[in-house]
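Here is the structure we will look at.
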Amino acid sequence: MTAYAFRPMSASDLPTIKRWLETQHVREWWHDPAEQFALVSGDLDHPDMAQFIVSTDGREFAYLQCYVLGTWNAGFGRQPEGTRGLDQFIGEADMLGCGHGSGFVRAFADQLLAAGTPRIATDPAPG
């Protein structure tokens, strides 16, 4: 089983996030890199948003954001108090197709649930 580490993102990570958002495979899902960069960087100090850089074997390769769903609930309907939403992407293209996406989401979700989070919402693309 692959081990994943989740390091809180800081302003020093913004150049990496910008580069990742500009890659074709991230743009496919996150669309306009400039708009998304403004949103991600603007939420860096938001109290209801936690952002992480994901790594495995010491290599940073992905971004994950975990937020209080009630603050940004965009169509999930009524949820229990304390529900968290997750969004993520793999920034490094050579890490795609290796099972890391589902692996690190599962690892992060397991940590949240073990800590008492009542529910986690995310909106993966079926493909």
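The values are calculated or read from the model by the stated rules, or taken from the named source; none is laboratory data. Just so it is clear, the structure is predicted and the values come from calculations on it, not from any experiment. Using ideal geometry, Cβ is built from the backbone for each residue, glycine included, and neighbour counts are taken over all protein chains shown. Accessible surface is based on the protein model in full, side chains and every heavy atom, while ligands, DNA and RNA are left aside. Shrake-Rupley method; radii C 1.70, N 1.55, O 1.52, S 1.80 Å.
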Determine the pairs where a residue that is closer than 18 Å to A50 by Cα, located within the range 77-99, has a partner that is basic (K, R) with Cβ atoms under 7 Å apart, the partner being 6 or more residues away or on another chain.
-> T83/R119
So how many residues does the range 66-124 have that are surrounded by 11 or more Cβ atoms within 10 Å (Cβ to Cβ), aliphatic (A, V, I, L, M) and assigned to a helix (DSSP H, G or I)?
-> 8
For P47, all conditions in the list (1) open to solvent by less than 40 Å² (accessible area, probe 1.4 Å); (2) within 25 Å of R119 (Cβ to Cβ) hold save one; what is the number of the exception?
-> (1)
In the range 24-50, anything touching a residue at least 12 places away in the same chain (Cβ under 8 Å) and either of a type in the set (A, V, I, L, M) or within 16 Å of I120 (Cβ to Cβ) (or both) is listed as V26, V40, L44, D48, M49, A50
In this structure, is D57 out of contact with any Lys or Arg (no Cβ under 9 Å at 6 or more places or on another chain), of a type outside the set (A, V, I, L, M) and closer than 20 Å to S102 by Cβ?
-> yes
Considering the range 6-30, residues that are over 15 Å from G91 (Cβ atoms) and under 15 Å from the mean Cα position of the chain (by Cα), and then whichever is most open to solvent (accessible area, probe 1.4 Å), we arrive at P8
Would you confirm whether any residue within the range 95-106 is among the hydrophobic types (A, V, I, L, M, F, W, C), in contact with a Cys (Cβ under 8 Å, 6 or more places away or on another chain) and closer than 16 Å to D123 by Cβ?
-> no
